[in-house]
1. For region B:442-455, which positions are buried (at least 16 other Cβ atoms within 10 Å of the Cβ), part of a loop (DSSP other than H, G, I, E, B) and more than 12 Å from chain A (Cβ to nearest Cβ)?
2. Residue under question is residue B:485, and the condition is that it be over 39 Å from the mean Cα position of the chain (by Cα), more than 13 Å from every other protein chain (Cβ to nearest Cβ), outside any loop (DSSP other than H, G, I, E, B) and under 30 Å from residue A:55 (Cα atoms); does it hold?
3. Being outside any helix (DSSP H, G or I), more than 8 Å from chain B (Cβ to nearest Cβ) and within 24 Å of residue B:441 (Cα to Cα), is that true of even one residue in region A:55-78?
4. Which one of the conditions (1) assigned to a loop (DSSP other than H, G, I, E, B); (2) buried (at least 17 other Cβ atoms within 10 Å of the Cβ); (3) touching a residue at least 60 places away in the same chain (Cβ under 8 Å) does residue A:150 fail to meet, given that it meets all the rest?
5. Of all residues being more than 8 Å from every other protein chain (Cβ to nearest Cβ) and buried (at least 20 other Cβ atoms within 10 Å of the Cβ) in region B:456-474, which is farthest from residue B:304 (Cα to Cα)? Just the residue, please.
6. Counting residues that are in contact with a strand residue (DSSP E or B) (Cβ under 6 Å, 6 or more places away or on another chain), which helices (runs of 4 or more DSSP H) fully inside region B:58-137 reach at least 1?
């Protein structure tokens, strides 16, 4: 009925107000392109966000949008999906919004497997409030609230998601057009909650915090793009990941000399997912792409199938009033 | 034949009391079922502890169920019980001070062991200490008789003992001359698949009833009698506040022809509404048990954003957590109903006791200037109408609305003449569609001049894509705006929206008494029954005393000030420290006399009567009464 939409059709007329050079621009571009590529419609697409730089996102997408309150976007989106399961809902959040003030809602949205996409822009810092350390900041992060360096352990977003029971976990870098695009399309195709961590560069308060692996010159050595059914290799195929049974952990091996030991990615294996997510530089590369995907019944499916009438009104209140014993006077 | 010990009265207050596990609440509700069918008016008050199963035999574990029944209009569960059934010494000790002089006390003597007496804090057996002189005692070895009655059913000793509430119920029903059929029907349905339990309870019920009959022969058992009440013609049922509220929300959804999404986190005493609605799926109702109070409010907002009727429900501590989300609904101009089943506070306070102390929270308790309408239910059956009214305002004015109820209303029951639903006006909402070729978004914030409400445009509507949120918006376009003049205008608009609700609510009427006079009692919420009864009692000797009861607190009815000015004195009785009094001072500039009770217990009629008399006798010029005067010594 309507013409095919392009990425441009999903860009709103609102003036974008992120800092020049912010990684969010690249993500916005990738998302509008993905929306066009998957054939989304503007009226049935809804972006719901909380508070923070990332949460400005809905203003810039030509769709329905709800800029809610700090940390609560998953809860608002859950109510929306419950009432309107047919809508294509995206939740946009950040490391502070999603894992600090809204950690509880993120946990339960993932556990319930509510059918929306969760894009968590991780920049390891509070940007909108001017640079305080966040729950994903590495220990030692100097910030206005931690002048001598933070001392708290950081939360790993994907490990959190896996622990919460997420059925789709993926990771991408803001400026990696191809990798991010593929992950967004996969997230959209997934039935249930899809959790996507996007490494996002905050040019003002935490510039280049991911440079060690996100930088072009380190990409080959430090990025491992996983693909279901393909060997887990990086460094242009020179090195691969193997499982060391003695230490119950991964190790990096020469992919040609020990080719038979190189693991083949199984995206349905949560143990492998845990090992991939937890890999730390510099000994290991950073795993990117769809790390875990194992669909299960969604929250909406459960809600509507367990509901007596699938939310349809099949009875009258006038009769419901009389379900108990009544008596007549006069 | 009536013995000299028989009781015949216009109304009789009965109280059942025992351990949490004695089945006292069930006994009460079954007694109510039999009372309702006998044509008496009634009001009930379950008074239970916060502990689910407190240590057996302790005073803090005592659970009670009170019912006031009779021929006259019954509006409260009664001040002082005339009949007490006490399952153990602790129940006797806790409830004795409440009783009317000369009350009839049915005691389970099996429980009067030295150990139980000690647990209740009795150093001597009260039956021997003279403490019970002046009361009419009926001593029954209830546990023993129950075990005898059910021994042929092969239940374990503890299961058999659990039938004693039905034994006691049988006895009390005999005293009141009631039939057993309605109870037997209930047992048949409840234990349709458990013949052993069903038959054992039936046997216990009959045994208790037969015991009354046998003892009557020995003239040892009194009859209790009241006349039938005069009800308006119609079809009736018994209803608890939580049931009526749930049905009212469902009725509102039917009137608006939209689904209802009810989002809640378990909390006492609000949870029964969630449980009720969970069984109303066929009325287009969906429930969502959220991970916390904030999520419950947010999910209701999300559902409303999607075009459903979003309702969230809690008690004070939970509502406090929801306040930021309520602000979002104010700013985004989405309909939302927040049900507050008030309980004793502050903090966790008295979860199972009743109070009216969240009025400040509803009226004033949010950051920034964010007014919203507040309505309050007055009685169990009134929860139905008030719930419809709350949804109606929310949808018509595109605003969150507070619906105030309390722990007393949630659990109390009364007869309810079933309303004619066909006579209710449908709830209309205003949506928007873009004409072909038109940029309909220019009309997204075209407000209804009568309400200033924006159209309700939900995702999925073609060509009207737009963004809403918590940031201040431009008054014309809805886009984000930080303009100074715009914020001033939006703040005014939000206030005006709520003021305009007053154009849609009826003028305030007088519940009872003349429309001018010496003194008006102005109440809100569950104090309705006690205030009404107090005025009824006093009007013959003290003319010029009236009862005015508010359903709409924000905004107040337009004629309220003019109405109140026709009285010499305004008394505001409240189960808080003076919150409605503050609102009346604030909004109307009047200076009411406060009568405050914050004990976790409802007002007693006699307390109100005494206060009215004292106030009428007092200095005409003075209308400021120290708060301490309102408290019971």
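1. Once the filter is applied, which keeps residues that are buried (at least 16 other Cβ atoms within 10 Å of the Cβ), part of a loop (DSSP other than H, G, I, E, B) and more than 12 Å from chain A (Cβ to nearest Cβ), region B:442-455 yields B:445, B:447, B:451, B:452, B:453, B:454, B:455.
2. Yes; evaluated as a whole, the condition is true for this residue.
3. Within region A:55-78, one or more residues are outside any helix (DSSP H, G or I), more than 8 Å from chain B (Cβ to nearest Cβ) and within 24 Å of residue B:441 (Cα to Cα).
4. Residue A:150 satisfies every listed condition except (3).
5. Only one residue fits best here, namely B:473.
6. B:89-95
Residue-wise test of (1) crowded, with 23+ Cβ neighbours inside 10 Å; (2) under 28 Å from the mean Cα position of the chain (by Cα); (3) over 19 Å from residue B:590 (Cβ atoms).
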{"site": "B:490", "(1), (2), (3)": "no, no, yes"}
{"site": "B:493", "(1), (2), (3)": "no, no, yes"}
{"site": "B:500", "(1), (2), (3)": "no, no, yes"}
{"site": "B:507", "(1), (2), (3)": "no, yes, no"}
{"site": "B:512", "(1), (2), (3)": "no, yes, yes"}
{"site": "B:517", "(1), (2), (3)": "no, no, no"}
{"site": "B:530", "(1), (2), (3)": "yes, yes, yes"}
{"site": "B:534", "(1), (2), (3)": "yes, yes, yes"}
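To keep it simple, each residue is scored yes or no on (1) more than 7 Å from chain B (Cβ to nearest Cβ); (2) under 17 Å from residue B:285 (Cβ atoms).
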{"site": "A:288", "(1), (2)": "yes, no"}
{"site": "A:291", "(1), (2)": "yes, no"}
{"site": "A:299", "(1), (2)": "yes, no"}
{"site": "A:317", "(1), (2)": "no, yes"}
{"site": "A:323", "(1), (2)": "yes, yes"}
{"site": "A:326", "(1), (2)": "no, no"}
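Since every read-out is calculated from the coordinates, none of them should be taken as a lab result. Predicted model, so just to flag it, every value in this text is computed and none were measured. All Cβ positions, even for glycine, are placed from backbone atoms using ideal geometry, and neighbour counts span all protein chains on display.
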